[in-house]
Amino acid sequence: MRVFSYPIKDEYPPYLGTYIDLVKDEKDILQLMQRQAKEIIGLIEGVSDVFMDEAYAEGKWTISELIIHLIDSERIFCTRALCFARGEKQSLPGYEQDDYVLQSRAAERSKESILEEYIANRIATLAFFKGLSKKTHDIQGQANGLIVSVRALLYTIAGHEKHHLGVLKDRYL
């Protein structure tokens, strides 16, 4: 039995479907996220510090920037879920991922500090979603002018990470 049921199409904007569809066959989305974290940590621990700041092509993010992007996006999606679950009625702002990555100053950080933040963020995300009652799963709110549910945001986090984990394996490692 799924703790979080799979979101239906009218719970999220079409562009999030790209990520949500990547995890549609998962029976336990929270367990998937625990496995993803272990995989990311294992992969990054094996990367040399020098390679963390290399991009696979001109204009692409470095590994450090990619991991910080995962952290930032998860934090933003989780904050949206928190706001909606707690009854926020105002529309929440969007964010420009490239601007966030640029401002992250990833090259100035150690691999260890990035992993520490990644782990802390994932632990907090899992604790938050585990603590929600089933009544909150289908609550919807507006972010970036679009309607999305708490449940769809959880699936977006997992699908977004699955997407970037594939990029990390295929393009960097």
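The values are calculated or read from the model by the stated rules, or taken from the named source; none is laboratory data. Remember, predicted model here, so these are calculated numbers, not experimental data. Don't worry about glycine lacking a Cβ; one is built from the backbone with ideal geometry, like all the others, and counts go over all protein chains shown. Each accessible area value is taken on the protein alone, full model and side chains, heavy atoms only, with ligands, DNA and RNA left out. Shrake-Rupley method; radii C 1.70, N 1.55, O 1.52, S 1.80 Å.
Of interest is the spacing of the C-alpha centroids, which for region 119-154 and region 57-107 amounts to 15 Å.
Legend: Rg and Dmax of region 111-173, from Cα coordinates, 14.5, 41 Å. Per residue, the accessible area of the chain comes to 52 Å², computed with a 1.4 Å probe over protein heavy atoms only.
The 3J(HN,Hα) values that the Karplus relation (6.51, -1.76, 1.60; θ = phi - 60°) gives for region 78-92 are, in residue order, 5, 4, 4, 4, 4, 4, 5, 4, 8, x, 4, 9, 6, 6, 8 Hz. Gly and Pro appear as x. Summing Cβ point charges (Lys, Arg +1; Asp, Glu -1) relative to the Cα centre of region 48-159 gives a dipole of roughly 940 debye.
Working from the Cα coordinates of region 37-96, the gyration tensor eigenvalues give, after taking √(5λ), semi-axes of 31, 15, 6 Å in decreasing order. Per atom type, region 1-128 shows carbon and sulfur on 54% of its accessible surface, probed at 1.4 Å.
Note on region 1-157: lysine pairs with Cα distance below 27 Å, sequence gap of 8 or more or different chains, count 22. P(r) for the chain, from all Cα pairs and a bin width of 5 Å, is 1, 8, 18, 21, 20, 15, 10, 5, 1, 0 %, short bins first.
Sites listed here are trypsin sites (Lys or Arg not before Pro) in region 99-166 whose DSSP assignment is loop and whose Cβ has at most 12 other Cβ atoms within 10 Å: 105. With an 8 Å cut-off on Cα pairs and a minimum separation of 6 or more residues, tell me the relative contact order of region 61-146 in percent. Rounded, it is 54 percent for region 61-146. What relative contact order, as a whole-number percentage, does region 1-126 give when Cα pairs under 8 Å and 6 or more residues apart are counted? Value for region 1-126: 28 percent. The residue among 133, 144, 85 whose Cα reaches farthest toward the positive pole of the charge dipole of the chain, with charges on the beta-carbon of Lys, Arg, Asp and Glu, is 133.
Can you classify region 1-52 as rounded, prolate or oblate using the Cα gyration tensor, where a ≥ b ≥ c are the square roots of its eigenvalues, rounded means a/c under 1.5, and otherwise it's prolate if a/b beats b/c and oblate if not? Oblate shape, in that a/c is at least 1.5 and b/c is the bigger or equal ratio.
When you filter the GluC sites (Glu not before Pro) in region 57-123 for DSSP loop state and at most 16 other Cβ atoms inside 10 Å of their Cβ, you are left with 58, 88, 96. Please state the shape class of region 58-141: rounded when a/c is under 1.5, otherwise prolate if a/b exceeds b/c and oblate if not, all from the C-alpha gyration tensor. Oblate is the answer for region 58-141, as a/c is 1.5 or above yet b/c matches or exceeds a/b.
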